[in-house]
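To start, the structure itself, in structure tokens.
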Amino acid sequence: MKKELIHLENIVKTFGNLTVLDEIDLTIHENEFVTLLGPSGCGKTTLLRIIGGFEQPDSGKVIFDGKDITRIPPNQRPINTVFQKYSLFSHMNVEENISFGPKIAGKSDDYIKGKVKYALKLVNLEGYENHDVTKLSGGQQQRIAIARAIVNEPKVLLLDEPLSALDLKLRRAMRNELVRINRETGITFIFVTHDQEEALSMSDTVVVMNQGYIQQVGTPENVYNEPENAFVADFIGDSNIINGVMVRDKLVRILGREYQCVDEGFPEECPVDVQIRPEDITLAEPQDDALNGTVTRVGFWGMSYDIIVEAGGIEWLVQSIHGRKVGEQVSLHLDPYNIQIMSKPQSEDEAALIENV
């Protein structure tokens, strides 16, 4: 089991009357790639800045490798940050940008040259030492920012939405590069994004946040396939979320029809939220004993179709490699293993907590 590196203990942060973080507890392990994921304003960047020392919590502790570093300034933490804007020095060339940190630390010229060479090789920019940073592409500037952080040998690298300014193709390429660098260096990465695809494709652990609270912590597979509430289900990928009633263990009632499922442990006749991913719905010809509906819209996305079906008074999103025609009559088939049961909020506060913003 990986060693615990960072523990956030009851972190609270307010700005005026607004509570941005509310009693956050989180543990991060060595060598992990952890992503803080959530909509704008959920508190993820503030939490990152508290870890880096750029913000102070109103209460709570930041424990690093067993030591309380809550009041230690950023330059005394074994942590480096790659900001969204990269913050490269425009009057310095590539080598001067990367070597800035070691020079401030008083490292020898030979040490610095070796580290710069290593860092440029790591980010696939060997031979760029004398290049003007202002004439590099966005992707190259990002790599230089990462190299500049890595030469300081941090135990943790914080990345605040560093891919947001890149085009889609380059963004996808840089995801693979960041994962590779994480694996090769052994540095713990804490990555902030609102992009679900980035979080799912890169992370060891995803921390889903909303309105200053952590909604769920888990592997990408866990948060996608086993969301703990309707917010997570809706925010992580596309979902159909329907009101249901848990008749008994492994049997749920949806739209007056009973369906076998695999969930258990709910009280009988308990109102629940039912999640069904659009890729898990199979369309077939209408049948007397099936949930039948009408195709109302079809969108083509290259590899698949988004198909909207009106059935039971609900618009269902279905994703399939097979297209359908608007107006076509179809039936919706649900596999028991693809029906995810979630508890409904038990109070107004809890309902507000998971409300999609």
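Of all the criteria given as (1) open to solvent by 40 Å² or more (accessible area, probe 1.4 Å); (2) closer than 19 Å to I79 by Cβ; (3) out of contact with any strand residue (DSSP E or B) (no Cβ under 7 Å at 6 or more places or on another chain), the one not satisfied by N152 is (3).
The sole residue among E197, E228 that is open to solvent by 20 Å² or more (accessible area, probe 1.4 Å) and farther than 22 Å from V20 by Cα is E197. On the stretch given as the range 275-304, residues that are outside any loop (DSSP other than H, G, I, E, B) and of a type in the set (F, W, Y) total 1.
Taking the conditions (1) under 21 Å from N75 (Cα atoms); (2) in contact (Cβ under 8 Å) with a residue 40 or more places away in the chain in turn, V116 satisfies each one other than (2). Residues in the range 301-326 that are open to solvent by 60 Å² or more (accessible area, probe 1.4 Å) and β-branched (V, I, T): I321, V326. Restrict the check to the range 125-133 and report whether at least one residue is open to solvent by less than 70 Å² (accessible area, probe 1.4 Å) and either among the basic types (K, R) or modelled with pLDDT under 90 (or both). No, the range 125-133 has no match at all. Screening the candidates K117, K85 for the property of being at pLDDT below 90 and either within 31 Å of the chain's Cα centre (by Cα) or not small (G, A, S) (or both) yields one hit, K85. Being in contact (Cβ under 8 Å) with a residue 24 or more places away in the chain and either touching a strand residue (DSSP E or B) at 6+ places or on another chain (Cβ under 6 Å) or not charged (D, E, K, R) (or both) holds for only one residue in S108, S59, and it is S59.
Residues in the range 136-147: is at least one open to solvent by 70 Å² or more (accessible area, probe 1.4 Å) and not aliphatic (A, V, I, L, M)? No, the range 136-147 contains no residue that is open to solvent by 70 Å² or more (accessible area, probe 1.4 Å) and not aliphatic (A, V, I, L, M). If you go through the range 157-187, how many residues are within 24 Å of I50 (Cβ to Cβ), of a type outside the set (G, A, S) and not in a helix (DSSP H, G or I)? Residues flagged as within 24 Å of I50 (Cβ to Cβ), of a type outside the set (G, A, S) and not in a helix (DSSP H, G or I) within the range 157-187 amount to 8.
Can you spot a residue in the range 70-92 that is outside any loop (DSSP other than H, G, I, E, B), open to solvent by 60 Å² or more (accessible area, probe 1.4 Å), of a type in the set (S, T, N, Q) and at negative phi? Looking for residues that are outside any loop (DSSP other than H, G, I, E, B), open to solvent by 60 Å² or more (accessible area, probe 1.4 Å), of a type in the set (S, T, N, Q) and at negative phi, one finds at least one in the range 70-92, hence yes. Starting from residues that are among the aliphatic types (A, V, I, L, M) and farther than 14 Å from I50 by Cα, keep the ones in the range 1-27 and report whichever is least open to solvent (accessible area, probe 1.4 Å). Of everything passing the filter in the range 1-27, L5 is least open to solvent (accessible area, probe 1.4 Å). So is V34 more than 22 Å from L178 (Cβ to Cβ), out of contact with any helix residue (DSSP H, G or I) (no Cβ under 9 Å at 6 or more places or on another chain), modelled with pLDDT of 95 or more and among the hydrophobic types (A, V, I, L, M, F, W, C) or not? Here the answer is no, as V34 does not meet what is asked. Within the range 202-218, the set of residues being more than 10 Å from the chain's Cα centre (by Cα) and not in a strand (DSSP E or B) comprises D204, Q211, G212. When the residues of the range 224-273 are narrowed to those that are in a strand (DSSP E or B), more than 28 Å from L200 (Cα to Cα) and of a type in the set (D, E, K, R), which ends up nearest to the chain's Cα centre (by Cα)? Within the range 224-273, the match that is nearest to the chain's Cα centre (by Cα) is R253. Can you tell me which residues in the range 101-139 are under 15 Å from F89 (Cβ atoms) and in a helix (DSSP H, G or I)? Passing the criteria: G101, P102, K103, I104, V116, V133, T134, K135.
The values are calculated or read from the model by the stated rules, or taken from the named source; none is laboratory data. Predicted, not measured: the structure shown is a model, and the values here were computed from it. Quick reminder, even Gly has a Cβ in these numbers, built from the backbone with ideal geometry, and neighbours come from all protein chains shown. The protein model used for the area step is the full one, side chains on, heavy atoms only, and it has no ligands, DNA or RNA in it. Shrake-Rupley method; radii C 1.70, N 1.55, O 1.52, S 1.80 Å.
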